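Okay, so here's the structure we're looking at.
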Amino acid sequence: MDFAFATTIPDDADALIVGISENRVLRPGAEEIDGLTDGAISKAVATGRFTGKRDQILDIVAPAGISASRIVAVGLGDFDDITDLGRQRLGGNVAAHLNRVGVKHAALLSVKAAHGADFSHGVRLRSYRFDNYRTKMKDDDLPSLERLTIVSADPEAGEARLARLAPLASGVELTRDLVSEPANTLYPEEFARRASELSALGVDVEVLGEAKMTELGMGALLGVGQGSARESQLVVMRWEGAANDAPWLAVVGKGVCFDTGGISIKPAGGMEEMKFDMAGAGCVTGLMHALAARSAKANVVGIIGCVENMPSSTAQRPGDVVTTMSGQTIEVINTDAEGRLVLADALHYAVETFKPKQVIDLATLTGAIIVALGSYKAGLFSNNDELAYALVAAGDKMGEELWRMPLGDRYSKDIKSDIADMKNVGKAREAGSTAGAVLLERFVGETPWAHLDIAGTAWVKSDEPLTPKGATGYGVRLLDAFVEEQYES
Ligand code: BES
Ligand code: MN
Ligand code: ZN
């Protein structure tokens, strides 16, 4: 899709988007078009349920006096209250409407260009599609919107804001592409190859295969992958955008390219969804893309553990004990609690190698977090209040919300093993998400750490303002804002 800024209304636009604030108050763009159309807008909004509440949409078709075939009036709510996120969501909701009715070229009227850029960001995020495997699409199946022109007196400000947002949108799109990709095409080596493409943006990418990980003693990660014909990979992506002596932020992702459960196999119903079990790693990769593409002034290392959890004659068995790179041993009670095994080694590697100021991991770790929080918020676990507060704030700002969940000794005792340092599950049906988190906590030492359980938020079953149903790219926008706030200012 094309976004352009212009100072006058393009005559080939088929829809003009105008704003109406609460209590049916026409914004300047709406006033202008109202004047050209013999009061079509004021007449249309005078009666009926459209009052200008945020995100209401009213279509005025075939207006006389202008070349566009429709006016799309959008409710802004209290105009002074709209945030950047609010403008992005407006754009997302309007994009869905324009695509539904078949608009090809829309013009957004008389806004501050920077505000228009946020609106267009929402349009872009909501218009995401994953059509790689659809060979028989008819025109009606395709989104109609091809172009959005932002009509504004100060286009330069718009370009500047878009330069900040476009790399972020590309990062979100990369994450969504990776997460949407089926597991027969996106297996660990292919994931590593895709991540390696970030070197074009100046990211230093290093791929560790099984030989190297064996040397490092990553028995937990390797144990998960040992039942698969695909080779496990650890990918290290460094973006050094700040001074040499500035501290690292490490971001670690669970990259289980497919989770069958292993020998503790999952039921068949819905198992296809487990191609998304690499969404944490997908987020880390998209984040690294966004940071590099916008030349973020921060030192961030992204580390993803990519494996496939399969049942086979070489798969690990329930009861096996694995030795992690940290030296701690884990009794594998359930081979389906594999994400924490992958992260145990990836987190230890991250803190050992980079001595980061903070480490954040993202993982589709537990079904239990979906029971607790649904798909509206991700679970946040942290050993550090300051880090936790900063993440919650970034999440609120970006509309990728977090809800803090507990850690602590009593939960930690639940993963005591009779024969190893710990086991990989806690009590049946009790505090399942925390049982995963307290295991991870043992692999970060004293480093301020946060774990984001994104099992509920990485994939949605219905459209949301900034994402069509499917892979959301959750976490990229949140962490981009966190990096900007905590490492760049
Ligand atoms: N990838 C799953 C978590 C998951 C489940 C995400 C459902 C999204 C939807 C994870 O590897 C897993 O299987 N976790 C188990 C842990 C249990 C065996 C302790 C779970 O949540 O059931
Ligand atoms: Mn599992
Ligand atoms: Zn899993």
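The values are calculated or read from the model by the stated rules, or taken from the named source; none is laboratory data. The shown structure was predicted, so the numbers you read here are calculated from the model rather than taken from an experiment. Note that we place each Cβ from the backbone using ideal geometry, even for glycine, and neighbour counts take in every protein chain shown.
Data overview
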read-out	value
Unique match (being within 14 Å of ligand 2 (Cβ to nearest atom) and surrounded by 18 or more Cβ atoms within 10 Å (Cβ to Cβ)) among Ala350, Ala363	Ala363
Test result for Gly436, in contact with a strand residue (DSSP E or B) (Cβ under 9 Å, 6 or more places away or on another chain), more than 30 Å from Asn93 (Cα to Cα) and within 16 Å of ligand 2 (Cβ to nearest atom)	yes
Residue that is closer than 15 Å to Val425 by Cα and within 15 Å of ligand 3 (Cβ to nearest atom), where the choices are Gly319, Gly305, Gly339	Gly339
Residues within the stretch 244-267 that are away from ligand 3 (no atom under 16 Å from the Cβ) and without any contact (Cβ under 8 Å) to a residue 24 or more places away in the chain, tallied	2
Options Gly339, Gly302: the member that is assigned by TED's automatic domain parsing to the domain that holds Leu287, away from ligand 2 (no atom under 16 Å from the Cβ) and within 22 Å of Leu479 (Cα to Cα)	Gly302
Qualifying residue in the stretch 269-280 (condition: assigned to a strand (DSSP E or B) and surrounded by fewer than 24 Cβ atoms within 10 Å (Cβ to Cβ))	no
